[in-house]
1. A 21 angstrom limit on the alpha carbon distance is what I want to check against. Which of Lys262/Lys286; Lys330/Lys385; Lys197/Lys262; Lys231/Lys356; Lys197/Lys400; Lys185/Lys286 exceed it?
2. Express in % the proportion of alpha carbon pairs of the stretch 241-289 at distances exceeding 16 Å.
3. Would you mind getting the Kirkwood hydrodynamic radius of the stretch 278-349 from its Cα pairs, rounded to one decimal in Å?
4. Sort 250-261, 148-159 by packing, meaning the average of other beta carbons within 10 Å per residue, with the highest value first.
5. For Asn157 and Ala255, what is the calculated FRET efficiency with R₀ set at 25 Å and r taken between the beta-carbons, to the nearest 0.05?
6. How would you rank 302-309, 110-117, 263-270, highest first, on the average number of other Cβ atoms within 10 Å across their residues?
7. Between Phe316 and Glu78, what FRET efficiency follows from the Cβ-Cβ distance if R0 is 51 Å, with the result rounded to 0.05?
8. Using just the alpha carbons, could you tell me how many Å³ per residue the convex hull of the stretch 286-403 encloses?
Amino acid sequence: MKGTEDNKRALIALIENEVKSTKRNTNTLQSQVQTLVTTQHDLQTKTRTIEAQVDTLRTDISRLNEDKTGALVAVISEEVKSTQRNFNTLQSKVQTLEETQTDLQSKTRTIEAKVDRTRADVMRLQRITVDGQWGSWAAWSLCTSHYNQTRTRVCDNPAPLNGGRVCPGLMTQTLKCYTSSCRVKDCSELLSRGDAKQSGVYTITTPLSHTKILVYCEMEIDGGGWTVFQKRFNGSEDFYRKFSDYENGFGSVYAEHWLGLKYIYEITSSGSYQLRVDIVRSNGSKGYDVYEGFSLQPGTNYTLNVGSRIRSNGLFNTYHSFTDGSPKGKPVGNAFSTYDHDVDRHLRNNCAADLKGSWWYNYCYTYINLNGLYQPGQYGSTFMKYDSDYGLAASTMMFKSVS
């Protein structure tokens, strides 16, 4: 019996322990359930808050979309208006251009009509016959060895045209002349004898070799009586030449020419002569220089003699001249050099070849290069120049007896 009671008590104790354990577990579960309920309630509250915020955001988004759509519509509307305005402007310009084109077409038709009339007039004029007329007589030549002097004229005032008649009469006239008019040695002697009063081409006789040559006499400038030995005005004559050309002369006394060193020497070998240099620049302005004591020394180099400057006018630079300026630049006292006759004072360079001219070069430094290349208005050392480094349009060198 006792064993049975003990077993019962043990079983009851076990059951009581299980009941206690179950109660503890139940309390724990209840606590957890309460916590879950609270958490659920919080989550529901937060969910409602989030849903309210979402609704607010949806409203804001909807309003923003409406604003952007309105702004975009406004921008598009303004672009449409601007395009319409540009279109209207272009239409106006097109209309103006069409009117201008119409005017130009009308003017073109008018001009074409005038051209046709002018062409018809030209063709009519070309069929007109023009008879020739004589020009003025040239100056009388000097007496020849047969005591004759002549003058000529040209049928060019106007010349015959389209089968017109040639000029009637003689082209040349010949007269007897006195021996006192013969054997004048220069233009100043012609002037003093009264044999020539107008500028032009005359025959003189050189005083040493008694050679008859044609010279151009300047009878109007500075009292007249000037014998021209260099004349350039259009570049028709090449002045970059060999020594023999400069010694004997070249060109035409009726145009551009160089008289010849041997004749310049011969004529100026006795008496006292002045040298005059006249220049014309590319803009038409003029200047001149006059020197005393001009002559060439005897010998094959034709060394230059020039005295002091006695008058000048219209020059840009009067420091550099035949006798003034740098000792290494003055032509006076120097031999005449060409590219094939190098007798300048420079030990290494050929001044004539370097400066593309022929001159009484010193040490290749000079403002004067009157026989250089013909390039009016161009800047450089190789061009025909006198008082600056710019090429001249014309130059004339001449001498006159003052003894």
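1. Working: Lys262/Lys286 30 Å; Lys330/Lys385 14 Å; Lys197/Lys262 27 Å; Lys231/Lys356 18 Å; Lys197/Lys400 15 Å; Lys185/Lys286 30 Å.
Checking Cα-Cα distances, Lys262/Lys286; Lys197/Lys262; Lys185/Lys286 exceed 21 Å.
2. 60
3. Roughly 13.9 Å, rounded to one decimal.
4. Taking the mean over residues of other Cβ atoms within 10 Å, the ranking is 250-261, 148-159.
5. Plugging the Cβ-Cβ distance into 1/(1 + (r/R0)^6) gives 0.80.
6. Ranking the peptides 302-309, 110-117, 263-270 by packing returns 263-270, 302-309, 110-117.
7. On the way: r = 68 Å, r/R0 = 1.34.
E between Phe316 and Glu78, to the nearest 0.05, is 0.15.
8. So the per-residue hull volume is 101 Å³.
No value in this document is a laboratory result; all are computed from the given coordinates. Note that the structure is predicted; figures quoted are calculated from it, not measured. Note that we place each Cβ from the backbone using ideal geometry, even for glycine, and neighbour counts take in every protein chain shown.
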